[in-house]
Amino acid sequence: KFNMNLAFAKSTKWWEKGLQPNMREIESAQDLVDSLANAGDRLVVVDFFSPGCGGCRALHPKICQFAEQNPDVLFLQVNYEEHKSMCYSLHVHVLPFFRFYRGAQGRLCSFSCTNATIKKFRDALAKHNPDRCSIGPTRGLEESELLALAANKDLEFTYTKQPEPVPSGDREVIAPGSPRLPPPAKPLVRQGSGERTLVSSGR
């Protein structure tokens, strides 16, 4: 009897139909954060849906089709009914809603779309899907979003603010207030003794 009920429950879930290998449902805030962080340079589409949302249901087969046509793109589904609190922290208030992420660039775009405006999704996929190698660690969620998730009492998610990495080009950071002296001109000329006399004789 138990098996029959399970099979029946499965068959009624429209959001589990037609799933591709590159699609999976998110189980928690930590799962979302980790999935984005572990995606490396892959394009990740986060699909926020609700089982009771007609627009989400109508759009689902199209999303599965996009996933099939773009096997390198990772599609993460977030069930709004199961993760209301998390969606609220992430400022997702309209469904169906999509956010695109990639590597070190973090969030690329976010928008709501329906079957009628599916071009929006297709255009975003075409724009962001070409392989782009982004230098640096994968960003995933914005820091403000991570902090919002961590502050949410309903979620078992902790986040420690990361120290800001200093870009390697700015090593000689001078404390504010100290005047920056021009580098001495003399040591720059070192090729031959002839040039040194030119400089010192003031020509």
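Rundown of residues vs (1) of a type in the set (A, V, I, L, M, F, W, C); (2) open to solvent by 60 Å² or more (accessible area, probe 1.4 Å); (3) at pLDDT 95 or above; (4) assigned to a helix (DSSP H, G or I), yes/no style:
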| position | (1), (2), (3), (4) |
| --- | --- |
| TRP15 | yes, no, no, yes |
| LEU19 | yes, yes, no, no |
| LEU32 | yes, no, yes, yes |
| GLY40 | no, no, no, no |
| VAL44 | yes, no, yes, no |
| ASP47 | no, no, yes, no |
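Provide a single number: the residues in the range 144-176 that are open to solvent by less than 50 Å² (accessible area, probe 1.4 Å) and at pLDDT 85 or above.
Here is the first cut: in the range 144-176, the ones open to solvent by less than 50 Å² (accessible area, probe 1.4 Å) are 145-146, 148-150, 152, 155, 157.
Add one more test, that the residue is at pLDDT 85 or above, and what stays is 145-146, 148-150, 152.
Of the residues in the range 144-176, 6 are open to solvent by less than 50 Å² (accessible area, probe 1.4 Å) and at pLDDT 85 or above.
With the condition being within 23 Å of CYS64 (Cα to Cα) and among the charged types (D, E, K, R), I'd like the helices (runs of 4 or more DSSP H) fully within the range 79-159 carrying at least 2 qualifying residues. Write out each step before concluding.
Details: elements: 84-89, 118-128, 143-151.
By residue number, 118-128.
Return yes when TYR80 is over 20 Å from ASP123 (Cα atoms), modelled with pLDDT of 95 or more, open to solvent by 20 Å² or more (accessible area, probe 1.4 Å) and not acidic (Asp, Glu) and no when it is not. Lay out the reasoning, then the answer.
Numbers: over 20 Å from ASP123 (Cα atoms): yes; modelled with pLDDT of 95 or more: yes; open to solvent by 20 Å² or more (accessible area, probe 1.4 Å): yes; not acidic (Asp, Glu): yes.
Judged against the criteria, TYR80 is a match.
Within the range 100-143, track down each residue that is touching a residue at least 60 places away in the same chain (Cβ under 8 Å), within 19 Å of PHE49 (Cα to Cα) and either open to solvent by 40 Å² or more (accessible area, probe 1.4 Å) or touching a Pro at 6+ places or on another chain (Cβ under 9 Å) (or both).
ASN115 - this is the single residue of the range 100-143 that is touching a residue at least 60 places away in the same chain (Cβ under 8 Å), within 19 Å of PHE49 (Cα to Cα) and either open to solvent by 40 Å² or more (accessible area, probe 1.4 Å) or touching a Pro at 6+ places or on another chain (Cβ under 9 Å) (or both).
The values are calculated or read from the model by the stated rules, or taken from the named source; none is laboratory data. Bear in mind the structure is a predicted one, so any value in this text is a computation, not a measurement. For neighbour counting, all protein chains shown are included, and Cβ atoms are generated from backbone atoms with ideal geometry for every residue, glycine included. Quick note on the areas: whole protein, heavy atoms, side chains included, nothing else; ligands and nucleic acids left out. Shrake-Rupley method; radii C 1.70, N 1.55, O 1.52, S 1.80 Å.
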